[in-house]
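The values are calculated or read from the model by the stated rules, or taken from the named source; none is laboratory data. As the structure is a computational prediction, the values presented were derived from the model and not from experiment. Heads up, the Cβs are rebuilt from the backbone with ideal geometry, glycines too, and the neighbour counts pull from every protein chain shown.
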Amino acid sequence: MSNPGWCGVLAVLAVTTVVACRATVDALEDVAPNDNRVAAGTLRGGELTLRLEARHARWSPDRDKGPSLVMPMFAEEGRQPQNPGPLIRVPAGTTIRVSVKNALGDSTLVVYGLNTRPSTLTDTIQIPPGATRERTFEAGVPGTYFYWGSTTHQPMADRNGMDSQLHGAFIVDSAGVTPPPDRVFVLGSWTGRPRNRRSFSPDLRVINGLSWPHTERLTYTSGDTIRWRWVNPSDSPHPMHLHGFYFDVTSRGSWAADTAIAKADMPRVVTELPIPGGTYAMTWVPDEPGNWFMHCHVAYHTSIYLAAERPPDPADPVTVDHDHGMRGMVLAVNVRPGASTVRRATGVAGARPIRLVAKAALKRSRGAWTELDEMAFVRQDGDVAPPGDSVPNPSSLLVLQRNEPVRMTIVNHIRVATGVHWHGIEVPAYSDGVPGWSGSDGRLAPAIAPGDSLTVEFTPPRSGTFIYHAHSNENFLIGLGLYGGLLVVDSASYDPSRERLIILGGAGASGTSGARINGREEPDTVRLTVGDKYRLRLIYIVPDYNAYVTLTRDDSTVHWRALAKDGAELPSHLQTVREARLLVGPGETMDFEYQPMKPGLMQLYVAQRTGAWERHLPIKVESRR
Ligand SMILES: [Cu+2]
């Protein structure tokens, strides 16, 4: 491969590798992206024999379209190195005989996770340079796991360095049955550390070793049962969001242990947040043809800033267009029509018309990153356009009636093309809001150009708490305010006086870090009355961060009752009282019931996961008059 980006890449890599010139690099092997469809090793008579090696190899996260990186990778002996590393997949009861050779040259390799499940972190294999170590163990309990290697001794939560791609999925299937077809996806994170600011500094988030738009394109037929396993050996939680459909979480675990979830207890969600070291399995049945996505909802993890070869930083980051705006952890799914002819309805006579204007308050001075536009969606009622010189904060709340068709006209009054995604709502593909992607049968929704508009239709089938947001250049567009609350209600049971909506969203033009609560850095006090039961609707759409959310009183965490996740009501036996503290990621919504029993002050604390920022929402509980 020849590429002008090479020398800069090598400057980055020279820190930990011996690679210094193109001649040496050309002698290296290329890394094959591993789609985890073929198990490694030889399985015979209840015994798997597997010979692994860790070698330096040339990884191209954009396939042959971008620069490559020389990094330690796992390979089967005598075979091409893979990212993720060779898949270990055996039935329970299998004896695994594995050898690992450290061909990295200069560092001791520590291998974790080559042992019986459940496992512990202390059970490692230490392999000096040039040495081979062997291990024989029983596979253990069925589940979704992984193994990994380390040369830097970084903990899982910091796993983004030169050894960050040394990992492979480890799947234990139930014994005595043929496992139903499934797919295994491994998330990966690598953060470039340039020696100086002018060095090319790729920063990568990948699925099975590849970055969008080079990730695998999956094709299914409407009505198929789709089973996916997700493995997260990376440095951060990834809120993995499926467009257009709910999925059931069938197990949750980690590299070490896994717990299958009984059918009646399976979370039904559109976003699942595996933590570093976490795994989960999911099942879904698409019933609507078209192009769909499953992607990480941390905006940065699907942004232009995550390309092996990215365009130069734009002078005006707001204007990054939709084609250039997505990279990283995105998986494409095309659903073909199946036997059922039932489609999500469009063109319904009498659909309720709603006009939604994407607006910007022009604050930017040319080229200045610090002076960005405040943005919002403003609902336009009647013929009078909202005034042009300001935007509300937050965007207009949309309240839709369940099963009532809506015809949504999105008017673009910002200075870049975009689309609007109705996050969590089961919409027809064309209405899903990804410019140039959403649609089916060759009819794709266009980007809505500045000054233009687009009309889409859908009929929300369930009541719940949802989000609508711009689906392009999300770091900036969601960050600057293009998100809003979307409630679907049954009018008979909807009582706004007994509900409180809490929207955690982008920080606005004051910066792309931090967050706002209900549109403000210092939000208005929420008032509750003693003895009343409230539905707290929590929307988390801070684009770039995961955070801990805690409801407190007198510095201690209170309890609330979980009611719904991502707009789907929990089955009654799962509507349990629990401590009011949780880790949330972008694209998640949750409903809780809370009944204050005495007057006083409370706080909702929102703390970015690694402590980068903190916000709080004051809540005042008042006596009944
Ligand atoms: Cu992510």
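What to note about this one:
- Taken together, the residues in region 295-311 that are more than 12 Å from the ligand (Cβ to nearest atom) and either modelled with pLDDT of 95 or more or crowded, with 23+ Cβ neighbours inside 10 Å (or both) amount to 2.
- Pair list, Cβ < 8 Å and 6+ apart or interchain, from region 527-546 residues that are on the phi > 0 side of the Ramachandran plot to residues that are surrounded by fewer than 22 Cβ atoms within 10 Å (Cβ to Cβ): GLY531/GLN595; GLY531/PRO596; GLY531/MET597; GLY531/ARG624
- Residues in region 409-467 that are aromatic (Phe, Trp, Tyr) and more than 13 Å from LEU486 (Cβ to Cβ): 2 in all.
- Candidate set: region 406-440, residues that are out of contact with any helix residue (DSSP H, G or I) (no Cβ under 9 Å at 6 or more places or on another chain) and of a type in the set (D, E, K, R); chosen: the one farthest from ALA299 (Cα to Cα): ARG407
- Among the residues of region 224-242, not a single one is away from the ligand (no atom under 16 Å from the Cβ), surrounded by fewer than 24 Cβ atoms within 10 Å (Cβ to Cβ), closer than 25 Å to GLU474 by Cα and not hydroxyl-bearing (Ser, Thr, Tyr).
- Contact annotation: residue pairs with Cβ atoms under 6 Å, 6 or more positions apart or on different chains, pairing a residue in region 32-55 that is in contact (Cβ under 8 Å) with a residue 24 or more places away in the chain with a partner that is basic (Lys, Arg) and buried (at least 17 other Cβ atoms within 10 Å of the Cβ), are ALA39/ARG89; GLU53/LYS101.
- Region 572-625, subset closer than 17 Å to ARG553 by Cα and among the hydroxyl-bearing types (Ser, Thr, Tyr), residue surrounded by the fewest Cβ atoms within 10 Å (Cβ to Cβ): SER623
Yes/no per residue for (1) over 33 Å from the mean Cα position of the chain (by Cα); (2) surrounded by 14 or more Cβ atoms within 10 Å (Cβ to Cβ); (3) modelled with pLDDT of 95 or more; (4) charged (D, E, K, R):
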position	(1), (2), (3), (4)
GLY105	yes, no, no, no
VAL111	no, yes, yes, no
LEU114	no, yes, yes, no
PRO118	no, yes, yes, no
ASP123	no, yes, no, yes
ILE127	yes, yes, yes, no
GLU134	yes, no, yes, yes
VAL141	no, yes, yes, no
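- Residue check for PRO289: away from the ligand (no atom under 12 Å from the Cβ), buried (at least 24 other Cβ atoms within 10 Å of the Cβ), over 12 Å from the mean Cα position of the chain (by Cα) and in contact (Cβ under 8 Å) with a residue 12 or more places away in the chain: no
- Selected residue [in contact with an Asp or Glu (Cβ under 6 Å, 6 or more places away or on another chain), surrounded by fewer than 19 Cβ atoms within 10 Å (Cβ to Cβ) and not β-branched (Val, Ile, Thr)] from ARG379, ARG407, ARG415: ARG407
- Test: residue in region 317-324 that is in contact with a helix residue (DSSP H, G or I) (Cβ under 6 Å, 6 or more places away or on another chain), over 17 Å from TYR430 (Cα atoms), β-branched (Val, Ile, Thr) and within 16 Å of the ligand (Cβ to nearest atom): no
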